[in-house]
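Remarks on the structure that follows.
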Amino acid sequence: MKFHLERFLVFALLATAALNSTAQQKRKIIIDQDAAGPAGTDQQSMLLLIQSPQTEVLGITVVTGDQWLAEELAHTLRMLELIGRADIPVVSGAEYPLVRTKEETERWEEQFGRVAWLGAWTPKYFHPHDQLGEMPEGKPSTKAANEDAAHFLLRMVHQYPHEVTIYEGGPMTNLALAISLDPDFPRLAKELVFMGGSFSPRTDNPEFTNTPAREFNLWFDPEAAHIVLRAPWEKIVCTSVDISVKTRLTTEMIDRIKAAGYPAAQYIGKFARLRGNYNYLWDELATAAWLDPAIITRKETMFLDVDLDRGAGYGNTLAWTATDKPKSGLPPVEVQEDVDLDRFYRLMVQLLSAPTPSKP
């Protein structure tokens, strides 16, 4: 009897040690996102990170982009409530780009042509910045943290130096503000992973056929992107339009996720929608490739910046190889070029169909 009890205690201690080791090995990440919702690429990419047992999401910092800041905060808080993870801090960030304004952009369009997607400024969806718009999932009862995004980002990388991945899924305004407050911010982070930039995507999507180098996340706040892409990050990984347009969300994928019945699956099943002919998994690919790098089958090192001239190319992506890059300091960027679609789709369905991991 004593022998069995001792053996049980040994197994219990080993199991506890294994759990503690797993917790210690979790990859720390901060999600910086223009968190439009409900569902859609912004919320679904955040869900992939939250649903992964290998990650510890330290917080979600929000920036105006696809929608206004106030409604993005509300959609994010409500999503976390619905999946039982309201413990994750949601932090309010920049409501406007550093320089670009809606009025200036309207004048720019008169001279250089219409922009297909203006995010929160898109005429079809436009409403005042302090209104929430439609909230089909219901309004949240929880509130955003009593801290601004830039200071939260700085506080986390100082607390966990060289351990925190910064995932950027929207305009880079919050990151640029953090760098302006503390130029050591990029050096203290582990890496920057972002969805953004466009080079020569193969697509008939009218958003890119005439302007292949225009991509919304970099275009919406070009000055912020310029600051961030020239900062001394240890590593930068880019998921561009060129690889994103190879992906598609399908009804079959939504139905498979919905059938699982767990909170995240219920959220996807109720609110995920196919929108037109171009249901690209922009941000989902960026987060899934960070979780499983084998999803990416080909990549190239490039050097990136953004056009800051106020002409027709204002906000467009600039890119060079190592042989033709400018002499001024630009850090190398790992640009993804091809994807194992089956592996990507399997991981996405698997994570969104799973029970939500509890708080670390």
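Odds and ends about this structure:
- Annotation: peptides 238-244, 196-202, 320-326, ranked by per-residue average of other Cβ atoms within 10 Å with the highest first, follow the order 238-244, 196-202, 320-326.
- Those GluC sites (Glu not before Pro) in segment 123-183 that DSSP places in a loop and that have at most 12 other beta carbons within 10 Å: Glu134
- Summarised in one figure, the compactness ratio Rg/Rh of the chain, Cα atoms and Kirkwood Rh, is 0.99.
- FRET efficiency for Gln54 and Asn146, using Cβ-Cβ distance with R0 set to 30 Å, rounded to 0.05: 0.50
- For segment 198-326, size of Cβ-based charge dipole, Lys and Arg +1, Asp and Glu -1, in debye: 440 debye
- To the nearest ten degrees, helix 149-159 and the longest principal axis of the Cα atoms of the chain are 50 degrees apart.
- Residue-count net charge about Leu181 - beta-carbon cut-off 12 Å; Lys, Arg +1, Asp, Glu -1: -2
- The chain: angle of helix 69-83 to the longest principal axis, Cα-based, in degrees nearest 10: 20 degrees
- Calculated over segment 228-338: convex hull of Cα atoms, volume per residue (Å³): 158 Å³
- The calculated 222 nm mean residue ellipticity attributable to helices in the chain amounts to -11500 deg cm²/dmol, summing -39500 (n - 2.57) over DSSP H runs of n ≥ 4 and dividing by all residues.
- Loop-resident sites, segment 112-176, for trypsin sites (Lys or Arg not before Pro), counting at most 14 other Cβ within 10 Å (DSSP): Arg114, Lys143
- Spatial offset of segment 40-76 relative to segment 173-197 amounts to 17 Å, using the alpha carbon center of each.
- Ordering of 182-192, 51-61 by packing [mean C-beta count within 10 Å, highest first]: 51-61, 182-192
- Angle between the chain longest axis and helix 40-51 axis [Cα atoms, degrees, rounded to 10]: 30 degrees
- Rounded to the nearest 20 debye, the dipole magnitude of segment 264-325 is 340 debye, with +1 charges on Lys and Arg beta carbons, -1 on Asp and Glu beta carbons, and the Cα centre as origin.
- Between segment 266-327 and segment 83-155, the C-alpha centres lie 20 angstrom from each other.
- Counted over the chain, the DSSP beta bridges are approximately 30% antiparallel.
- The trypsin sites (Lys or Arg not before Pro) found in segment 276-330 that occupy coil by DSSP, while having at most 16 further C-beta atoms within 10 Å, are Arg310, Lys327.
Readers should treat all values here as calculations from the given coordinates under stated rules, not as data from a laboratory. This is a predicted model, so every value here is computed, not measured. Reconstructed Cβ throughout: ideal geometry from the backbone, glycine too, with neighbour counts over all protein chains shown.
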